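Here the structure comes first, spelled out in C-alpha cells, and everything after it is commentary.
All of the numbers you see were taken from the coordinates with simple rules; none came from a lab. This structure is a prediction, so every number in the text was calculated from the model and none was measured. Using ideal geometry, Cβ is built from the backbone for each residue, glycine included, and neighbour counts are taken over all protein chains shown.
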Amino acid sequence: MIKNYLEAKREIQKSKTDNIYISSDLLRTVKLPYPPNRTLLDAHCELLIGLEKNILMPVFNYDFLTSGVFSLERSPSQVGVINEHFRTTIATWRTPVPVFSVSGNGELPPIYFQGIIDPFDEKSIFEYLYKTNSLILYYGANFSVTTLIHYVERISKKLVYRYDKYFHGKIISDCSSEVITLKYHVRPAGYELDYDWNRLEKDLINRNILRCFDKGVVKIRILNVKDLVDFWLERFDSNRLYFLTKESEAWVKPLLDNLGRSFVLSDFE
C-alpha cells in the first residue's frame, strides 16, 4: 500500500495544479468491518491530505430526487465512508447542489446558480475542475464512478440519448432555506442504458491519460481533468454514442433514427 501510494504521490506532485478531486471506495477494495473505525478513516484521510493539494470529494446524496429536500449539514454522503468522514471532520465547505454535492478544504470554488441548478453545466464544480487543470484520483474506486462523463455530455451540446427532467424542492441549512429546481439529464425510463466503462478505461490508458498504480491493496488511478474532457469531447463530437455499450447502442440508434431527433421526456414518461 505505501509503495503504491508513494509512487502515485510523486506523480501527483509533478502536476502544477492546486486541486485534486478524489473518488474513494475503500470497502470495495479492502475487507473491513462496517462501519470502519474512526482511527482507520483518520489514517486514510491523513494520507490523502499528505498529497499536499486542495482536496475535493464527491459527497453525493440522492434523497432529494424523492424527498425534495437537501440539507447542507445533515444530508450524508452516500458515495463512500471516507468521503463522509472527510465531509464531517475535515472539509470547510460543501457546494449547495442537490444530489451532486462536493465538499473540500481550502476556498469554496466560485460556482453560481439562480433558481435552476444544472450540476453539470458551465457554472458547475466540474467546469471549475476543468478550468483549473485539476487531477482526479481514484482511491480504491472503480473508473465507472466518473461522474465527469455527464459534464462532457452537457457541454458537448450533442447529448441525444438522455433527456432533461426537473426536480423541485429546497436547499436548507442551519440558518436558511431556498426553493430551487434541479435540472438533471436522466436515463430513458424503462430502458437499460449503460456506458462501456471497460472500453472507455482502456482507451484512456492507451492514450496515457489514465495512469494506474495497482501494486498495492488499494488500487490508485490518476488523470488530468482537462486531458480527459478534451479527449472525450473529441470522441463525442465524431460519435454521439461513443460512451455506450453495444447493447445500449443497439436500441438507442434505431429509435433515434426513427424519431429524427434527440430523446425528450415525453418519449418515455
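Per-residue ellipticity at 222 nm, computed for the chain from helices alone with -39500 (n - 2.57) per DSSP H run of at least four residues, works out to -10000 deg cm²/dmol.
Enumerate the aspartates and glutamates that Lys16 could reach by cross-link, defined here as Cα to Cα under 20 Å, with residues fewer than 8 away along the same chain left out. Straight-distance partners of Lys16: Glu7, Glu52, Glu107, Glu127, Asp227, Asp230.
Qualifying chymotrypsin sites (Phe, Trp or Tyr not before Pro) in the stretch 78-128, where qualification requires a DSSP coil assignment and no more than 10 other C-beta atoms within 10 Å, comprise Tyr112.
Distance from the C-alpha centroid of the stretch 240-269 to that of the stretch 171-212: 18 Å, rounded to the whole angstrom. Of all beta bridges that DSSP places with both ends in the chain, some 70 percent have antiparallel geometry. For the stretch 105-182, the set of trypsin sites (Lys or Arg not before Pro) satisfying both a DSSP loop assignment and a count of at most 16 other C-beta atoms within 10 Å is given as Lys123, Lys157, Lys158. The lysines whose alpha-carbon is closer than 29 Å to the alpha-carbon of Lys158, local same-chain residues fewer than 8 away aside, are Lys123, Lys131, Lys183, Lys202, Lys226, Lys246, Lys253.
Annotation for the stretch 48-105: GluC sites (Glu not before Pro) lying in DSSP loop with at most 12 further Cβ atoms inside 10 Å of their Cβ are Glu52, Glu73.
Residues in the stretch 149-155 carry Karplus couplings, in order, of 4, 6, 5, 4, 4, 5, 6 Hz; the curve used is 6.51 cos²θ - 1.76 cosθ + 1.60 with θ = phi - 60°, and Gly or Pro positions show x.
Rounded if a/c is under 1.5, else prolate if a/b beats b/c, else oblate: with a ≥ b ≥ c from the C-alpha gyration tensor eigenvalues square-rooted, which is the stretch 61-100? Prolate is the answer for the stretch 61-100, as a/c is 1.5 or above and a/b outweighs b/c.
Rank Glu122, Glu153, Glu247 by mean-square fluctuation in a GNM of the chain with C-alpha springs under 10 angstrom and give only the top-ranked residue. Comparing Glu122, Glu153, Glu247 in the GNM, the peak value goes to Glu247. Taking amide hydrogens as placed 1.01 Å from N in the peptide plane, the amide H of His185 sits under 5 Å from those of Lys165, each at least 5 positions away in sequence or on another chain.
Here Rg and Dmax of the Cα atoms in Å was calculated from the structure, and among (1) 17.3, 54; (2) 22.8, 73; (3) 18.9, 57 it sits at label (3).
Computed over all pairs of different Cα atoms, the Kirkwood value for the hydrodynamic radius of the stretch 1-156 is 16.2 Å.
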